[in-house]
Amino acid sequence: MALPTPADLRLLSGFASNTTLREAARRLGEDRSTLSRKVAALEERLGAAVFLRRGKQLVPTRFGTLLIEKASAVTQGLDEVSALVDAGSMKTLVIAASPLFAEQLLPAPLAALKTSMPELRVAIESSHDYRELFEERIDVAIRRGPLPDSDSLQSRRLGTTTMVVVASAKLARGLVDLEVTRLPFIRVGAGLEPVPIRLAGRRDVVAVAPVMAVDSQRAALELVTRGVGVARLNEFFVREALARGVLVELLPSARSTEGVHVVWARRRTPLPALRAFIRALFDHAPAEVFDP
């Protein structure tokens, strides 16, 4: 008696769920006569009847029913392991960026990248945190603002961007600087952390408690336009609304210039897809997103 091979188990799994010889042959990509001969050879090696012959039909014996059930479970497990290995070995690039940067910065570089690496799989996550980088849950991130001190991260500066405090014209009418900090601030990002604002004539930064937090600058812009509150947003993103008078800039002294960086976890050998993405990002990132 010999134990079934993986090929035998796959053959047996073709008969799962009371499948007929015709259905099993179609499922396994065999013609019925070839499959029937393979079944007979398997039974001879096992030294036991797996099926009863009833004309041209094969009906599983009691032993065959149990064997088919186990073979199906094992085959499914092998398929799942195979899929897992395939997924782990395929080229996958996980990019983290805020919704605005994903919208403004990624389309052109990713189009170029897919031309040179058509098999590359890309996942884009909306994230404002560095924790995923430290834990290597993502491969590369686009971040605005100061970078944390870390020996685990590498970065390259894409450019600089100006942040401005904006409000609807109606909400801002007649306000002076100090009163602005009493307005309902909308914070972009996760959590209701204070919004740092520098007022004219003051060296220190005033921390303003927000009344609302949203993950998207587009959502914040819509709320500001409707007069819900004020927000600190990228100047390039609100430039048109400011020019049309839909919004007004508050606290010009609070304008701040911040670096935009590409950040990735330090590895001895960066992934080829990561190197290709960074190169494409610098080659194709739109200049209008950054300060001249």
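The trypsin sites (Lys or Arg not before Pro) of segment 204-281 that meet both conditions, a loop assignment by DSSP and at most 15 other Cβ atoms within 10 Å of the site Cβ, are Arg226, Arg244, Arg255, Arg266, Arg267, Arg268.
How many percent of the accessible area of segment 1-62 is carbon or sulfur, using a 1.4 Å probe?
Values: 2120 of 4030 Å².
Ligands and nucleic acids excluded, carbon and sulfur reach 53 percent.
Averaged per residue, what accessible area in Å² does segment 8-58 show with a 1.4 Å probe, protein chains only? Working shown, then result.
Working: 3060 Å² over 51 residues.
Per-residue value: 60 Å².
Which distance in Å, rounded to a whole number, links the C-alpha centroids of segment 101-116 and segment 14-81? Measuring centre to centre over Cα atoms gives 49 Å.
Rounded, prolate or oblate: which fits segment 253-292, taking a ≥ b ≥ c as square roots of the Cα gyration tensor eigenvalues, rounded meaning a/c under 1.5, else prolate when a/b beats b/c? Present the calculation step by step, with values, prior to reporting the outcome.
Details: a/c = 6.05, a/b = 1.85, b/c = 3.28.
Here segment 253-292 falls in the oblate category.
Using a 1.4 Å probe on the protein chains only, how many percent of the accessible area of segment 218-292 belongs to carbon and sulfur? Please report the intermediate quantities before stating the final value.
Working: 1970 of 3790 Å².
Answer for segment 218-292 is 52 percent, counting heavy atoms of protein chains only.
The values are calculated or read from the model by the stated rules, or taken from the named source; none is laboratory data. Everything quoted here is computed from the prediction, not taken from an experiment. All Cβ positions, glycine included, derive from the backbone under ideal geometry; neighbour counts span all protein chains shown. To get the accessible areas, we keep the full protein, side chains included, count just its heavy atoms, and leave off ligands, DNA and RNA. Shrake-Rupley method; radii C 1.70, N 1.55, O 1.52, S 1.80 Å.
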